[in-house]
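Asks: There's a structure below that I have some questions on.
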Amino acid sequence: MTDDRAADLRYGHGTRRVRVPPPAHVDVLRKPPMAPLADPGAAVAAALDAPVAAPPLSALAAGAASACIVVCDVTRPVPNGLLLRPILDRLQAAGVPREAVTILVATGLHRPNLGEELRRVIGDDEVLASVRVVNHVARDEGTLVDLGVTAAGTPVSLQRAFVEADVRVLTGLVEPHFMAGYSGGRKVLAPGIAGHRTIRTLHHARFMGDPLAATAEIDANPLHRELLAILAMAEARHARDGRAGGTLAVNTVIDEARRLAFVNAGACVASHAEAVAFARRSCELRVAEPYDLIVSSAAGAPLDATYYQTVKGMVTPLEALADGGELVIASACSEGFGSPEFRAAQARLASLGRRAFHASLARKPLAEVDEWQSQMLLRALHAGRVHLHTDGLHAADLSLTGVEPCPDLQGFVDDLVARRGAVRVALIPEGPYVVPRLARPA
């Protein structure tokens, strides 16, 4: 029998169950069921052969001598096992052999994906064994090509393997993103395979501090607009170089069980917009009133492997949090805190305090690596009290989180309801993959 007062929050490779006792009002916020594609392989083939606003991949690759396929790193569960072989088959049929193809892992400033982790990213052992796979290293200047500066002043450098390839394919997962609105498409390019100066400019306080650089915001989002400008520069460079081929984006949307629910391919802007429109129908949920307590997850593995990634789950539901409300997030943090740079940023936040830390960000010409996650954390801390339930952080780590530890998740919920009575509570099992939006009058 279904218990409508309880939910299993994604946590690592398992779940954590939470039940809200009476008299609290409870909403379990889930994406409406997406119908998984009956034949994912056929859907991928159809997307590659009939792209949005672009020629089929086989036609795009005619006369090309090289290709670069960009894939997301391990933090994004993109179903590459369904995508890569059909892409490679079409490239080969058009005359681009596998030895002329590079699969580029879009790590941004994250660590490289190696060993079993890389195997999970590629999702196909035959592809991994037969194609050159390279991790992007944003700090390696020798692998970057300088494309100039955007009108807004962002210096743009991108991975050489992509810039100098005749045919370029960007694969990605379209899901809510707490800075860029939605992931995928142009975001796979930058920050995915951009140089560190590009990434550190895109994450500077002048972008991150804009309230429209936010979850589910696209058209008015200044970060989204800057990513489109970088994409346009990359396309212009390709045309100037007179290379055969062009660029194709492959966009996917997955359901709660991570089955393929949508796939398309095509021109980067048009195909991404179509995928975002599909994702919005399930990911964005209208709620009538804000909640006094939101209990969420960081979406489970692979996204909740670090505290750095956990911040996304804190920021995504803020629109639906009542003023001064409480937010609890469950995250395994199985790999600990995150990068040394993020730890250093959190130490500065703890030392300086919120106001002085925030003021210090705008004075720098480039953001320090990963300090932007601390800036986004400030949004959650400003909105209400934030609590973290995790088994993955030691006491020294917990002292730098900036939030309150919550070792007993169920006990915390029981105690809050006992103290405050008929509060409004939201349970969000999938964390940042679900965006609660307040219903507003016309």
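Asks: In region 393-421, which residues are in a loop (DSSP other than H, G, I, E, B), over 20 Å from L349 (Cβ atoms) and of a type in the set (G, A, S)?
Replies: G421
Asks: Can you tell me which residue in region 31-40 is nearest to L285 (Cα to Cα), limited to those that are within 24 Å of the chain's Cα centre (by Cα) and of a type outside the set (K, R)?
Replies: Selected residue: P32.
Asks: Which one of the conditions (1) under 18 Å from the mean Cα position of the chain (by Cα); (2) buried (at least 21 other Cβ atoms within 10 Å of the Cβ) does V328 fail to meet, given that it meets all the rest?
Replies: With (1) under 18 Å from the mean Cα position of the chain (by Cα); (2) buried (at least 21 other Cβ atoms within 10 Å of the Cβ) applied to V328, the lone miss is (1).
Asks: Of the residues that make up region 257-272, is at least one surrounded by fewer than 17 Cβ atoms within 10 Å (Cβ to Cβ) and either without any contact (Cβ under 8 Å) to a residue 12 or more places away in the chain or among the acidic types (D, E) (or both)?
Replies: No, region 257-272 contains no residue that is surrounded by fewer than 17 Cβ atoms within 10 Å (Cβ to Cβ) and either without any contact (Cβ under 8 Å) to a residue 12 or more places away in the chain or among the acidic types (D, E) (or both).
Asks: Considering only residues that are of a type in the set (K, R) and not in a helix (DSSP H, G or I), look in region 354-378 and name the one that is surrounded by the most Cβ atoms within 10 Å (Cβ to Cβ).
Replies: K364
Asks: Tally time: how many residues in region 339-353 are in a helix (DSSP H, G or I) and within 24 Å of R139 (Cβ to Cβ)?
Replies: Of the residues in region 339-353, the ones in a helix (DSSP H, G or I) are 340-352.
Still in the list and also within 24 Å of R139 (Cβ to Cβ): 340-349.
Summing the residues that are in a helix (DSSP H, G or I) and within 24 Å of R139 (Cβ to Cβ) in region 339-353 gives 10.
Asks: Another question, if that's okay. Identify, from the list V156, V167, V145, V137, the residue that is in the same structural domain as A232 (by TED's automatic domain parsing), of a type in the set (V, I, T) and farther than 11 Å from A194 by Cα.
Replies: V167
Asks: Could you check S271 against (1) within 22 Å of A42 (Cβ to Cβ); (2) in contact with a helix residue (DSSP H, G or I) (Cβ under 7 Å, 6 or more places away or on another chain); (3) of a type in the set (G, A, S) and say which number it fails?
Replies: Of everything listed in (1) within 22 Å of A42 (Cβ to Cβ); (2) in contact with a helix residue (DSSP H, G or I) (Cβ under 7 Å, 6 or more places away or on another chain); (3) of a type in the set (G, A, S), S271 misses just condition (2).
Asks: Given region 163-223, what helices (runs of 4 or more DSSP H) lie entirely inside it while holding 3 or more residues that are touching a residue at least 24 places away in the same chain (Cβ under 8 Å) and surrounded by 21 or more Cβ atoms within 10 Å (Cβ to Cβ)?
Replies: Where helices (runs of 4 or more DSSP H) fall fully within region 163-223 and carry at least 3 residues being touching a residue at least 24 places away in the same chain (Cβ under 8 Å) and surrounded by 21 or more Cβ atoms within 10 Å (Cβ to Cβ), they are 186-189, 196-202.
Asks: OK, next. Could you check region 19-36 and list, in sequence order, the residues that are part of a loop (DSSP other than H, G, I, E, B) and hydrophobic (A, V, I, L, M, F, W, C)?
Replies: Correct list: V20, A24, L29, M34, A35.
Asks: Separate question: Yes or no: region 315-325 includes at least one residue that is in contact with a helix residue (DSSP H, G or I) (Cβ under 8 Å, 6 or more places away or on another chain), crowded, with 17+ Cβ neighbours inside 10 Å and assigned to a helix (DSSP H, G or I).
Replies: Yes: region 315-325 contains one or more residues that are in contact with a helix residue (DSSP H, G or I) (Cβ under 8 Å, 6 or more places away or on another chain), crowded, with 17+ Cβ neighbours inside 10 Å and assigned to a helix (DSSP H, G or I).
Asks: A follow-up question, please. Residues to consider are L158, L147; find the one that is farther than 19 Å from T252 by Cα, aliphatic (A, V, I, L, M), crowded, with 21+ Cβ neighbours inside 10 Å and touching a helix residue (DSSP H, G or I) at 6+ places or on another chain (Cβ under 9 Å).
Replies: Details: L147 fails: crowded, with 21+ Cβ neighbours inside 10 Å.
None of the other options fit; the residue is L158.
The values are calculated or read from the model by the stated rules, or taken from the named source; none is laboratory data. This one's a predicted model, so the numbers in the text were calculated from it and none came from an experiment. Note that each Cβ is placed from the backbone with ideal geometry, even for glycine, and that neighbours are counted across all protein chains shown.
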